[in-house]
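To keep things clear, I will list the structure first and then write my remarks on it.
The values are calculated or read from the model by the stated rules, or taken from the named source; none is laboratory data. All values reported here derive from a predicted model rather than from experimental measurement. In this analysis, Cβ positions are derived from the backbone assuming ideal geometry, glycine residues included, and neighbour counts consider all displayed protein chains. These accessible areas exclude ligands, DNA and RNA; they are computed on the full protein's heavy atoms, side chains included. Shrake-Rupley method; radii C 1.70, N 1.55, O 1.52, S 1.80 Å.
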Amino acid sequence: MTVLRHSVTVLALGPDRLQELTKLILDFTESTQGRGQEIVLENGQPVADVRLIKGRHLQPGARYELSETGSTDQVTVLIREWRRSKSIAVEQLLISDDLTVWTVLRLSTPDRPRLLEAEGRVRGPEGSGALRRGSGKARLDLAAWWAAVDLAPRARSAVRAPATARLKHRLFEARLYLRPRMTDDGRWQVDVAVTVRGRWLLRPVAAFALMVAGRPVRRGFCSAVEQAADGWNRAIGDLLALGPDDLRAELARQATERTPEEPMDARPPDRP
């Protein structure tokens, strides 16, 4: 088994602010209405690139089709559950020429976010074999996360990580663990650990390969963690800079902004 570790410092998002943002986004979503196959905002503007193809808007069983100009990907979204006092669960299926991705996201007690869970499966095109398949699960216990960041800056972190993920493939299994703590300047230090091991008879082969490629793998892992932290800081920084009215206006802009059509000279040449 190989263990990769790295720590990053990121902007903090407290529980009150998260609850405020979640409520605002859900209120905005629930202010939209179904009009035939169109979804429209309160002012009547249609939501771009979304069609309601089955069921009632935001009710269990509602199915939507998402599209982008110039894309051949098929994307459908299914509402499994929509009860803000209990949970919201949304399923998505993406089918492209190269792969099929199925995912489910579930948020417990959305008005007071407590638990976020995700699961998914990926497979290649028909006939591509077992090596083009994988599955995964992730879990973020928000109550445990807040408890961890409430500890003193240099206190020992919780034994059980509040955020975990597991990826399974025919050849290997990887597990991700995130443990936060508050820094002296009010940010989060997030300790990231990943364990990787081969599966079945391939365990010694995978261990040897990871040992030989150890240094490049560790550099790539640290770089990926740093990039993820930079993305988080940009996104959260932008969110924290917006007031409620500005955020609603930004949500409306993104909802009604259509995907720009790809320029002709940027498209790949047609096959003969």
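Placing unit charges on each Cβ (+1 for Lys and Arg, -1 for Asp and Glu) gives the chain a dipole about its Cα centre, and among LEU171, GLN19, ALA144 the Cα reaching farthest toward its positive end belongs to LEU171. Sorting 30-37, 172-179, 72-79 by average packing, meaning the other beta carbons within 10 Å per residue, from highest down gives 172-179, 72-79, 30-37. As a calculated quantity, the FRET efficiency between THR183 and ARG139 at R0 = 30 Å, using C-beta atoms, amounts to about 0.75.
With distances taken between every two different alpha-carbon atoms, the chain has a Kirkwood hydrodynamic radius of 21.6 Å. The lysines within cross-link reach of LYS23, meaning a Cα-to-Cα straight distance under 27 Å and a gap of 8 or more places when in the same chain, are LYS54, LYS86, LYS137. In the P(r) worked out for segment 1-94, what percent of Cα pairs fall beyond 15 Å? When all Cα pairs of segment 1-94 are counted, 71 percent exceed 15 Å. Our note on the geometry: Cα centres of segment 2-31 and segment 35-104, 23 Å apart.
A 1.4 Å probe run over the protein chains yields, for the chain, 64 Å² of accessible area per residue, whole-number rounding. Counting protein heavy atoms only, the chain has 54 percent of its accessible area on carbon and sulfur, 1.4 angstrom probe. Using C-alpha pairs under 8 Å with a sequence gap of at least 6, the mean separation divided by the residue count of the chain gives a relative contact order of 19 percent. For segment 85-92, backbone phi angles converted through the Karplus equation (6.51, -1.76, 1.60; θ = phi - 60°) give residue-by-residue couplings of 7, 10, 6, 10, 10, 10, 10, 10 Hz, Gly and Pro being listed as x.
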